[in-house]
Amino acid sequence: MHQIVTNPSLRVAIYQYTPRDEPPEMRLQRLDEVLRTTRDGPFDLVVCPELFLSGYNVGAKLADFSQPRDGSFAQRAAEIARRHQTALIYGYPETAGERRFNSASAIGKSGRQLANHRKLRLPKGFESDWFAPGDSYTMIEIAGFRVAILICYDVEFPESVRACVLAGADVVVAPTALKAEWKFVARQLIPTRAFESGVFLLYANYCGHENGFTYLGESCVIGPDGAEIARAGAQEELLAGVLNRQEIAPARARLPYLEHHRGLSGIAIGKARRPIHEPDAN
């Protein structure tokens, strides 16, 4: 009888990147160099921001740098994953037939592509003009941890994170492109998403400026109790953290939101006879 071994911890990193006017090859070269020189490795998983290979607010360059999921950029990323023996998740513009998707590729430490997630919800603005929405959640396994992938706006919906956790996720990864004006999302909303579903959450943002956009930075690694494991500042950096599996069960047991969530679908919404706390009329 074979015993299934699950790792007690997962060593993770987020590459919080400052956008530069440089092609995907150069961005991957920078990532390679950062991983080569860091003192915090080795890592089981490294995450890069949304549309990392092209840039986010780059206009027609989204078309110039779009590739199929197994294109030359993916092959270069696979070399980096093999060299550093780490799984890698990064955002890029994907072409598939006549359609284009805001996607995130997941590559294992062997260089094999594990999955390709297409952003489910497209916010108002240029994204809905450039991209088609995805239609499914994405789950992979890394070093014994079940890892779900969402992209930016996806993770802002409690239903999205909850669906991933109910499907077995231990970790939710979210490449993003969060502007400085949305501080609330990184500082309050993301920890809340982790807390309410008892899941580790990795939020990988840009920093600096890009064609009129100012990014917040503040990429973060959040525990299943909503507490910060690590948070970046406003500058480019490789943010490292360790996820301990033993923290998941106590967080979910202390406030059993997942258990009680399953019973809410059977509660009918009715009309109150009178508004709550409204005093009777004299």
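At a glance:
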{"read-out": "Solvent exposure ordering (accessible area, 1.4 Å, most first) of ASP70, ASP129", "value": "ASP129, ASP70"}
{"read-out": "FRET E, pair GLN235, LYS124, Förster distance 45 Å, beta-carbon r, rounded to 0.05", "value": "0.95"}
{"read-out": "Whole-percent carbon and sulfur share, accessible surface of the chain, 1.4 Å", "value": "51 percent"}
{"read-out": "ASP32/ARG187 FRET efficiency (R0 41 Å; Cβ-Cβ; nearest 0.05)", "value": "0.85"}
{"read-out": "For the chain, calculated [θ]222 nm from helices alone, where every DSSP H run of n ≥ 4 adds -39500 (n - 2.57)", "value": "-6000 deg cm²/dmol"}
{"read-out": "The chain, relative contact order in percent, only Cα pairs under 8 angstrom and at least six apart counted", "value": "19 percent"}
{"read-out": "Among SER72, LEU62, MET26 - extreme Cα towards positive end, dipole of the chain, charges at beta-carbon", "value": "SER72"}
{"read-out": "Selection from TYR206, ILE248, ASN116 lying farthest towards where the dipole of the chain points positive, charges on Cβ", "value": "ILE248"}
{"read-out": "Amide proton proximity set for LEU178, modelled H, under 5 Å, gap of 5+", "value": "TYR206, LEU216"}
{"read-out": "Solvent exposure ordering (accessible area, 1.4 Å, most first) of ILE229, ILE14", "value": "ILE229, ILE14"}
{"read-out": "Solvent-accessible area per residue, Å², over the chain with all protein chains present [probe radius 1.4 Å]", "value": "50 Å²"}
{"read-out": "Debye, to nearest 20: dipole size of the chain, +1 on Lys, Arg Cβ, -1 on Asp, Glu Cβ", "value": "480 debye"}
{"read-out": "Span from the the range 164-239 Cα centroid across to the the range 102-145 one, whole angstrom", "value": "16 Å"}
{"read-out": "In order through the range 87-97: 3J(HN,Hα) via Karplus (6.51 cos²θ - 1.76 cosθ + 1.60), integer Hz, x for Gly, Pro", "value": "6, 9, 10, 9, x, 6, x, 9, 9, 9, x"}
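The values are calculated or read from the model by the stated rules, or taken from the named source; none is laboratory data. Worth saying up front: this structure is predicted, and the values here are computed from it rather than measured. Using ideal geometry, Cβ is built from the backbone for each residue, glycine included, and neighbour counts are taken over all protein chains shown. Note: areas computed on protein heavy atoms with side chains; ligands, DNA, RNA excluded. Shrake-Rupley method; radii C 1.70, N 1.55, O 1.52, S 1.80 Å.
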